[in-house]
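**Q** This is the structure, below, for whatever I ask next.
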């Protein structure tokens, strides 16, 4: 039987080396105090399915000044871009391939730093299935190939789960003109007939990005979702001033407020924060209804006129909810997020102004429409698909599912943490310091970082939050491995 590692810092395993995993690796190397690090991921560091897209329309949803891998160096991405002749200010929404290259470059730099410090780095191109307590008190990471890796500590930095396949399309998985995920973009484009009509299922960020990629390559697109709504439009994401104050105020609310009081206090603080930015009536900065094309046009105009002060407090909403809702407990926190899902989805995940302008241009050229979900989608004998709405039907050459990804649902069974996302017991909630408790009250040396912490921190699928979590983990980590080298 293969032994695990029991000496703190002897062999740290980071599961997942997308942006979150790379951030964790960089911070670990900088802290020092470890002998070896193994990263487990089938992909290159930083080049996961979404960030590995090379298309110029695949933009980060947070500005460059909020996309640093290093929490104590918020301008690190900007510095990287300027150093390579790609000048961007802190407010710019940069292409994701540039962010992926940034992550890859910083990873290689820190791997050399690790080597100079006597820290070994290894990348295992496999998928981890579970983390089990070893026979000697350390851990064994079980791989899809059947192998195992010894670990003294484990950081679970995996992202999201499998792509969501809308129920309308579940009978057709495997059909040659149904594309179940838009990533990588090159694979999607190979599956879609040039110049054809494409139905994109979804209307959030991945669907918008998918539509722009398809339109840019000569296709015509209909974006379709249950709501038929597009996200709001923004030009920036501020984290100082009113946003910082709002985060502190939300984070300071008691967790035992009744549901109605939770909603009331959150709304009161939010409206007050927006008014601090600009004393503009909400009805003049928010387009509450209307045809999705007209709504997009009006919201784009508001962003261009800098009449969208809500965008300067959105980061405060994210940070504040991540501090406050854990105090309310998992069930009430989930209920709060469900009650406000539409509002949070539209404004927290608002699209950059550049993307909005491109969408409007495509609408004006007759290349794009936005609709609610069809009542039915059926493959045709001649090839392609027929989508039927109450008032019409239309032929499409291909259907692309771009409705996002399932959240991974980790679970503990026996003496192991399972990463396969098949739990029926609900999402695993880590402890306050993000540890996984396999054998309570034993303080395991396993931590969750990033999207898998969603049962405790509801909005963690963006880099600023994940990088900050990694920094918090290492405060506890260093207590066990000693002072940095």
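**Q** Looking only at segment 4-36, which residues are assigned to a strand (DSSP E or B) and surrounded by fewer than 24 Cβ atoms within 10 Å (Cβ to Cβ)?
**A** Correct list: 36 only.
**Q** Return only the number of the condition from (1) buried (at least 18 other Cβ atoms within 10 Å of the Cβ); (2) over 28 Å from residue 214 (Cβ atoms); (3) more than 22 Å from the chain's Cα centre (by Cα) that residue 320 does not satisfy.
**A** Failed condition: (3).
**Q** Considering only helices (runs of 4 or more DSSP H) fully contained in segment 283-369, which possess at least 2 residues that are in contact with a strand residue (DSSP E or B) (Cβ under 7 Å, 6 or more places away or on another chain)?
**A** Filter on segment 283-369 gives 292-304, 353-364.
**Q** Let me ask you something else. Go through (1) touching a residue at least 24 places away in the same chain (Cβ under 8 Å); (2) more than 29 Å from residue 353 (Cβ to Cβ); (3) outside any helix (DSSP H, G or I); (4) over 23 Å from the mean Cα position of the chain (by Cα) for residue 165 and report which single condition fails.
**A** (4)
**Q** Here are some residues: 410, 417. Which one is farther than 27 Å from residue 188 by Cβ, assigned by TED's automatic domain parsing to the domain that holds residue 60, under 20 Å from the mean Cα position of the chain (by Cα) and buried (at least 17 other Cβ atoms within 10 Å of the Cβ)?
**A** 410
**Q** Give me a count of the residues in segment 91-126 that are part of a loop (DSSP other than H, G, I, E, B), modelled with pLDDT of 95 or more and in contact with a strand residue (DSSP E or B) (Cβ under 8 Å, 6 or more places away or on another chain).
**A** 2
**Q** Here is a follow-up. For segment 427-442, what are the residues that are touching a residue at least 12 places away in the same chain (Cβ under 8 Å) and surrounded by 12 or more Cβ atoms within 10 Å (Cβ to Cβ)?
**A** 427, 428, 429, 430, 433, 434, 435, 436, 437, 438
**Q** Continuing with the same structure: What single numbered condition from (1) outside any strand (DSSP E or B); (2) at negative phi fails to hold for residue 378?
**A** (1)
**Q** State yes or no: is residue 137 within 30 Å of residue 415 (Cα to Cα), assigned to a loop (DSSP other than H, G, I, E, B) and modelled with pLDDT of 95 or more?
**A** no
Quick grid of which residues meet (1) outside the structural domain of residue 184 (by TED's automatic domain parsing); (2) in contact with a strand residue (DSSP E or B) (Cβ under 8 Å, 6 or more places away or on another chain); (3) within 19 Å of residue 109 (Cβ to Cβ):
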| site | (1), (2), (3) |
| --- | --- |
| 17 | yes, yes, yes |
| 21 | yes, yes, yes |
| 24 | yes, yes, yes |
| 29 | yes, yes, yes |
| 32 | yes, no, yes |
| 36 | yes, yes, yes |
| 42 | yes, no, no |
| 47 | yes, no, yes |
| 50 | yes, no, no |
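**Q** Kindly check whether there is at least one residue in segment 304-312 that is touching a helix residue (DSSP H, G or I) at 6+ places or on another chain (Cβ under 6 Å), surrounded by 15 or more Cβ atoms within 10 Å (Cβ to Cβ), at pLDDT 95 or above and farther than 26 Å from residue 58 by Cβ.
**A** Yes, segment 304-312 contains a residue that is touching a helix residue (DSSP H, G or I) at 6+ places or on another chain (Cβ under 6 Å), surrounded by 15 or more Cβ atoms within 10 Å (Cβ to Cβ), at pLDDT 95 or above and farther than 26 Å from residue 58 by Cβ.
**Q** Still on this model: How many residues, within segment 182-227, are in a loop (DSSP other than H, G, I, E, B) and either outside the structural domain of residue 386 (by TED's automatic domain parsing) or closer than 19 Å to residue 387 by Cα (or both)?
**A** Total meeting the criteria: 9.
**Q** Continuing with this model, one more query. Answer yes or no: is there a residue in segment 209-232 that is surrounded by fewer than 17 Cβ atoms within 10 Å (Cβ to Cβ) and without any contact (Cβ under 8 Å) to a residue 24 or more places away in the chain.
**A** No: segment 209-232 contains no residue that is surrounded by fewer than 17 Cβ atoms within 10 Å (Cβ to Cβ) and without any contact (Cβ under 8 Å) to a residue 24 or more places away in the chain.
**Q** For segment 41-60, does any single residue satisfy the condition of being part of a helix (DSSP H, G or I) and either more than 21 Å from residue 131 (Cβ to Cβ) or at pLDDT 95 or above (or both)?
**A** no
**Q** Being over 17 Å from residue 352 (Cβ atoms), part of a loop (DSSP other than H, G, I, E, B), out of contact with any helix residue (DSSP H, G or I) (no Cβ under 8 Å at 6 or more places or on another chain) and at pLDDT 95 or above is the requirement here; does residue 85 meet it?
**A** Criteria not met by residue 85.
**Q** Is at least one residue of segment 374-384 buried (at least 19 other Cβ atoms within 10 Å of the Cβ), in contact with a helix residue (DSSP H, G or I) (Cβ under 8 Å, 6 or more places away or on another chain) and either touching a residue at least 60 places away in the same chain (Cβ under 8 Å) or not assigned by TED's automatic domain parsing to the domain that holds residue 171 (or both)?
**A** Scanning segment 374-384, I find at least one residue that is buried (at least 19 other Cβ atoms within 10 Å of the Cβ), in contact with a helix residue (DSSP H, G or I) (Cβ under 8 Å, 6 or more places away or on another chain) and either touching a residue at least 60 places away in the same chain (Cβ under 8 Å) or not assigned by TED's automatic domain parsing to the domain that holds residue 171 (or both), so the answer is yes.
**Q** Right, next: Among 156, 179, which is outside the structural domain of residue 467 (by TED's automatic domain parsing) and either in contact with a helix residue (DSSP H, G or I) (Cβ under 7 Å, 6 or more places away or on another chain) or surrounded by fewer than 18 Cβ atoms within 10 Å (Cβ to Cβ) (or both)?
**A** One residue alone meets the criteria, 179.
**Q** Is it fair to say residue 257 is in a helix (DSSP H, G or I) and buried (at least 17 other Cβ atoms within 10 Å of the Cβ)?
**A** Judged against the criteria, residue 257 is not a match.
**Q** Filter segment 381-393 down to the residues that are touching a strand residue (DSSP E or B) at 6+ places or on another chain (Cβ under 8 Å), assigned to a loop (DSSP other than H, G, I, E, B) and within 14 Å of residue 197 (Cα to Cα) and list them by number.
**A** 384
The values are calculated or read from the model by the stated rules, or taken from the named source; none is laboratory data. Given the structure is predicted, the values throughout are model-derived calculations rather than measurements. Ideal geometry is used to build each Cβ from the backbone, glycine not excepted, and the neighbour counts take in all protein chains shown.
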